[in-house]
Each structure stands twice: as C-alpha cells, then as structure tokens.
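In what follows, a single structure is set out as structure tokens and then discussed.
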Amino acid sequence: MKTDDNISSITEKFEVNGKVGRKANNNEILDMEEISSSTYAKTRLRTKKKSVELEKGGKAPLKQLDEEPEKIGNSKKLKGINDLTEASSSKKMKKDTDEMKWEPKNWREILENIRLMRSKDNAPVDTMGCHRCADENADEKTQRFHKLVALMLSSQTKDETTYHAMLRLKEQTLIPETIVNMKLNTLENMLHPVSFYKNKAKYLQQTSKILIDKYSSDIPNNIKELVALPGVGPKMAHICMSTAWQQVTGIGVDVHVHRICNRLNWVPKATKEPEQTRVALEAWLPQELWGEVNHLLVGFGQTVCTPAKPKCESCLNSNICPSAPKNAKKLNENENNEINSQLAELLNKAEFKKSKTILKNC
C-alpha cells in the first residue's frame, strides 16, 4: 500500500513537471510572436531544424538556417511585384479594349450618304481607274500585269494621265519582256507626263525583270511579295490583291482616302501619312466594307470632297461632317426643311385623296 502511494506521488510530480514544461514552451512561443516576422520565422526554423538534427545526432549549419527566412522574404517581394505586374497588365488590356471599341460618330449614316452621292454621277476612277486600264482581250496573267503597272504609275497622278499612259504602253504589247527590252529613255518618254516618270520607268524595268525571273512573268499573289517589288507600296499591293486576285487583304489608302478620313474624323487622332490612316481605319471599320471603301472615297474625293474648295454646300453630309463650314450646314438645313415641307404637303394630299376615296366607296 505504501509502495503504491509512492508510485502515485512520483507520477503526480512527473505530470506537474510536464504541465509546467508545456506552459513554459507556450510562453516562449507567445514571446516569439511579439518579435518581428522575420526573426520569428528564423527562430522557428532554427528550433525545428535543430531538434531534427539533434535527434539524428548532428548539428544544423547556422548559415543554412539564416538563408531560409530570406527566401521567405524574397518570395513575398516577388508576389508583390507579380501583383503590380498583373494590375498594370489589366489596366493595359482595359485601355486596349477601349481603343478597340472606338468608332467615329455617325459613320454609317455618312457612308450611306456617300454611296448615294456616288451613285448619281461618275467619277474619273469609275471610267479610268487602274482596274479599267487592263486589256480585256488579254489573258488573265497579262491582265494582272497591266493592273500592277497601272497602280505603279498612279501614285500622285490623276487617273486620266495614268489611263492615257497605259494606252501608249499597250500599243507596244505590254508584257514584262517588252518593258525589260525597252530602252530606258524610250520608256520614260512613253510615261511622260506621269508624275515622277523617270523613277517609275526605272522601277518598271526592275520589277519586270523580277517577275520574269521569279514568277514566270506573272505577279505575286500575296502582300509580302508585292511590297517587296521596286516601286510598289502597301496601297498598291492591297488594291492589286483586290483587282488582280479578287482577294481583300486590306484597305488601299491614297491621298483622297487619307484626306477624307481626316476630314470626317474617321481616325482617333489626325494622321500625317496614308499608311497611318490605313492602320487606323482598319482598326474599326468592319472587314466586309474594306473592299468598297477605297473606290467609294476616291470617287467622292474627285467629285465632291475635293482637296481645294470642297463642295460642302451640295454634300449630303454637311450637317454632320465635323469639317463642314457653318454656312454650308445652314444652307443644307434650309434645303432639308423645304424638302420636308414639300414631302409633308404631298403626304397630306395623298391622305386626303385616300380618305375621299374611302368615303366615296362607302
């Protein structure tokens, strides 16, 4: 009995000591939590690794223990940088989306009015444009070459001048071989008075030689290879793809399209070069309209929205065009009011006749 009492007292002492030990450990942990996070992390890792090493009979290197909290700190920094990067990326994406959504005011109404004006009268581009310069009796390959030559001559040149130069060239059987074998001064004389005719004569001979050597006297069927030809720019290449290969690859922007797009504010900000206008226009204009917009705007620029003294007073868009003078807007408003009053009078007469007929039948 006495032995049992001794055993129970010893057991109680062990339990008390265990509780005191656990309490002491808990107090130490609470004290450590009040220290900075890096010191706390270091201490925890030291304690943990030291206990593991001691169990194995060895010692943990102090340097290794010190490096672990630094890794934790670096990972936190990286996370912060990643968060900032993600935030800036989302802002950029939002900005890009807003830019993609941009489109000019009243553009559908303006375009429909231009279609209507273009349907009334022919412009030079309709009868003497580059697509009209090819010999219709020639084979398809030769016709493609004719269209490319006409486009090369058309740069900063009126359609009438280009058309007549093409007539002179076609009298000599216009194929790449003829251009290559022709004397340069003879070719220059045939092109005159086309703008920059000397440079264009040189480009024509260089391009014709490439076509013979690389394409069996045909023309390339893609933008990349077309713009690689001497004297061929993006505008010519896109129009050539449309007229020669019946493929719409982009909008051909010449001086007329460039001028009109800036007058109508069809670009988010004013552009200085036709190529800048092309990029801006293609960014918002639906692709199904790319094929017609060049022809529409070129003819409109030749007849109504001319470079000097545009005919704003006769333009259907003068009331909504941002570049139209105020007096033209007033004139068109008066004309529209007169037309509307006439229409209203006619409708009233028609309604009166209709009601009269109904009464008669009753």
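Throughout, read-outs are computed from the coordinates displayed, never taken from laboratory work. It should be emphasised that the depicted structure is a prediction, and the values quoted were computed from it without experimental measurement. Please note: Cβ atoms are built from the backbone with ideal geometry, for glycine as well, and neighbour counts cover all protein chains shown.
Before moving on, here are some points about what is shown:
- Loop-located chymotrypsin sites (Phe, Trp or Tyr not before Pro) in the range 103-199 (DSSP state other than H, G, I, E, B) with a sparse environment of at most 16 neighbouring Cβ atoms within 10 Å: F196.
- Extent of the range 133-249 along its three principal axes (Cα atoms, max minus min coordinate, largest first): 33, 29, 28 Å.
- Additional length obtainable on full extension of the chain from E177 to K158, 0.36 nm per residue less Cα span: 4.2 nm
- Estimated distance in nm for a label pair at W245 and N189, the labels positioned 7 Å out from Cα along Cα-to-Cβ: 3.7 nm
- Annotation for Q276 and K309: the two label points, set 7 Å from Cα along the Cα-Cβ direction, are 3.0 nm apart.
- S217 paired with N137, simple spin-label distance in nm, labels 7 Å along Cα-to-beta-carbon: 1.8 nm
- Charge sum, other residues only, whose C-beta stays under 15 Å from N221's C-beta, Lys/Arg counted +1 and Asp/Glu -1: +2
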